[in-house]
1. Give me the percent of Cα-Cα pairs in the chain that sit more than 30 Å apart, rounded to a whole number.
2. By average Cβ neighbour count within 10 Å, what is the ranking of 64-72, 24-32 from highest down?
3. Set the Förster distance to 35 Å, then compute FRET efficiency between D144 and N200 from the Cβ-Cβ distance, nearest 0.05.
4. Among S24, S105, N34, whose Cα lies farthest out toward the positive end of the dipole of the chain, if unit charges sit on the beta carbon of Lys, Arg (+1) and Asp, Glu (-1)?
5. Determine the calculated [θ] at 222 nm for the chain from helices alone, applying -39500 (n - 2.57) to every DSSP H run no shorter than 4 residues and normalising by the residue count; nearest 500 deg cm²/dmol.
6. Return the subset of K32/K133; K10/K50; K10/K132; K129/K166 for which the Cα-Cα distance in this structure is over 18 Å, preserving the input order.
7. Amide H of L137 versus every other amide H placed in the peptide plane: which residues, excluding those fewer than 5 positions away on the same chain, fall under 5 Å?
8. With labels modelled as points extended 7 Å from the Cα through the Cβ direction, what inter-label distance (nm, one decimal) is found for V45 paired with L163?
Amino acid sequence: MTNDFDKLLKSVISEARTIGVPVSDKIEPRVKINSRAVRRFGRCVLSNGKYTIELSSMLIDAPERSCRQTIAHEIIHTCPGCMDHGKIFRRYAEMMNNAYGYSVSRTGSREEMGIPDEENYRFAIICQKCGKKILRLRRSSITDDPSRYRCECGGRLRVESLLGEKLPPPPRSERAKYIIQCLSCGRKFERTRISPVIKNPSRYRCSCGGELIVKSLRR
């Protein structure tokens, strides 16, 4: 099951406040996923008076406990006097560890966090615009149909199988009546009704510059 970082953040903040850990009330509710972080699992960033919690994409399929204790680590950094790993930070970390069974510490290893080595991942989700890559252990809606999603930069996504598995064909909308296809890059677009590009595709070009053709799915 894929971890819901935003939901876990809200839960761990509540845990901290319940036992008197004075986490800031200026923590952004949305966790930022960092797909380039390979040496750290999380980061707390202070900008314009607000804190943003970043988590490595390696934690998406990690055990929930590993995500929770990483979030606990990062939100402790929002407490007064805790931007480093000094005495105050260690005191609050010990409170969280004793109350919830976490192992909040200065650092952690892949093995301790239950994160597999890269060669064990099954899929790579890659942005065709910025090149960002996120590794996944399991099939999900995004690996089965990446066309429904976009990267945070707005780019389209594609999926590669890292273990030679055959990827399922993307589902076709039951309402789709036409497919517009680029003769150059092969990109396809589904349409449910007549439009100028359906009537006269020769007047248009794909974003790659290729010519377009239209296929009717009506029977």
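1. 40 percent
2. So the peptides 64-72, 24-32, ranked by packing, come out 64-72, 24-32.
3. FRET efficiency, D144 to N200: 0.55.
4. Result: N34, furthest along the dipole toward the positive end.
5. Calculated mean residue ellipticity at 222 nm is -7000 deg cm²/dmol.
6. Flagged as over cut-off: K10/K132; K129/K166.
7. The answer is R122.
8. 3.3 nm
Where a number appears in this text, it was derived from the coordinates with a stated rule and is not lab data. Predicted, not measured: the structure shown is a model, and the values here were computed from it. Cβ atoms come from the backbone with ideal geometry, glycine included; neighbour counts cover every protein chain shown.
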